[in-house]
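Each remark here refers to the structure printed beneath this line.
Derivation of every value follows stated rules applied to the coordinates shown; laboratory data play no part. In this text, all values refer to a predicted model and were calculated from it rather than measured experimentally. Reconstructed Cβ throughout: ideal geometry from the backbone, glycine too, with neighbour counts over all protein chains shown.
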């Protein structure tokens, strides 16, 4: 079945450094790739997304890149701050058989050390 | 205020006692979905619905039922809960198409004893 692999499972960085989280998907029909941030005890919230017709998207300190050929997409956070500490999830979805099933990665716990 | 509302937020029950978790959205979204979140497994989709009377299985539908009789509501039904359904459950909704950002409810923490 469809699968999304996410690495690493935990990531510790010094404040001000960059963080990169990588995901690989299996379903070539996937065309929408959102990233969610989940703080402790809270609901997941979308932080950035990318569609298959775009290779890169940036929003201030956050960027996402997509390599459709390799079925890879990555989240890049620059100048990390303590408030970036959270669990990050990638996901993939697309019109498989006309419906939109979401497959999530298993999450990356990011710790930004002050 | 645009929101996805789940009830109850916390529930402790016993094996075999039927329960329903409600989900309601006020954004006129076509797409609604249920996920369960377990440590180390991320979010797994249980069922989703692309419109009224249209539902589809996600990755882990066994032991769950859903219905979509109205656009705003998408209840999750556990007819005979078992301990392996102890989990954190999230409902989410979105538009379809290019504005398909999912909005999540606050979550329901379910314990089945």
Open item on the list: Can you give the Rg/Rh ratio of chain B, where Rg is from the C-alpha atoms and Rh is the Kirkwood radius?
Closed with: 0.95
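Based on the Cα coordinates of the protein assembly as shown, what is the per residue volume of their convex hull in Å³?
Taking only Cα atoms, the protein assembly as shown has a hull volume of 123 Å³ per residue.
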Open item on the list: Just to be sure I understand: if I project the alpha-carbon convex hull of chain A onto a plane and average over all orientations, what area do I get in nm²?
Closed with: 7.0
Task: Convex hull of the range A:57-106 built on C-alpha atoms - directionally averaged projected area, nm² - done: 4.7
Open item on the list: Could you tell me the center-to-center distance, by alpha carbons, between the range B:15-31 and the range A:1-64 in angstrom?
Closed with: 27
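Could you work out the equivalent-ellipsoid semi-axes for the range A:7-53, taking the square root of 5 times each eigenvalue of the Cα gyration tensor, largest first, in whole Å?
Working: eigenvalues 107, 45, 25 Å².
Ellipsoid semi-axes (Å, largest first): 23, 15, 11.
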Task: Average partner coverage of B:100-113, which counts Cβ from other chains inside 10 Å - done: 3
